[in-house]
Amino acid sequence: MQQALERVDAEIAAWERRLAAGERVALGPALDAATDAARALLRAYVAAEGVKPVPPADADLLQAFKVLVKGDPTWNAIRDNLRELVYYRNCLAMQRDDALPAVPEKMAIRLARHLYLYMRTRCIKEGRIAV
């Protein structure tokens, strides 16, 4: 779990640096990075827990979340963040830029950071990782 958290943190930080430097990034790649980070965290937690089957690497984000939340509704704390990433993907697929928030690529990366922080904090509280 520690390695997955460190890897995802580094990936998110790289995107955050690009955005902070004023680089113009497209929503598609930023959304892919945020979604991949979220999926990697979900899979890593399920694997570390060792109780439920680990979702495939290409699993739908919400399907992967269903594996995690089953039997533990406390995970619903991050459900809306995951749904927002899916919403951005749907808007992109339907070419509905008008339905997206201002600067959606920044929001996607911020959502990934929020998910990372929630999962890291939870893992610390549960003793799964060292501080």
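Per-structure values
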item	result
Computed E for Tyr118/Arg83 - FRET, C-beta separation, R0 22 angstrom, nearest 0.05	0.90
Cα-Cα P(r), segment 1-68, percent of pairs per 5 Å interval	3, 17, 24, 21, 16, 10, 6, 2, 1
Pairs of Cα atoms farther than 18 Å apart, segment 30-95, %	34
Pairs of alpha carbons in the chain whose separation is greater than 17 Å (percent)	57
Simple Cβ-charge dipole of the chain, Lys/Arg +1 and Asp/Glu -1, about Cα centre, in debye nearest 20	300
Net length gained if the chain between Asp58 and Thr74 were fully extended (0.36 nm per residue, minus Cα distance)	3.3 nm
FRET efficiency, Glu16 to Lys66 (Cβ-Cβ, R0 41 Å, nearest 0.05)	0.90
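Since every read-out is calculated from the coordinates, none of them should be taken as a lab result. Predicted, not measured: the structure shown is a model, and the values here were computed from it. FYI the Cβ positions are ideal-geometry reconstructions off the backbone, even for glycines, and counts take in every protein chain you see.
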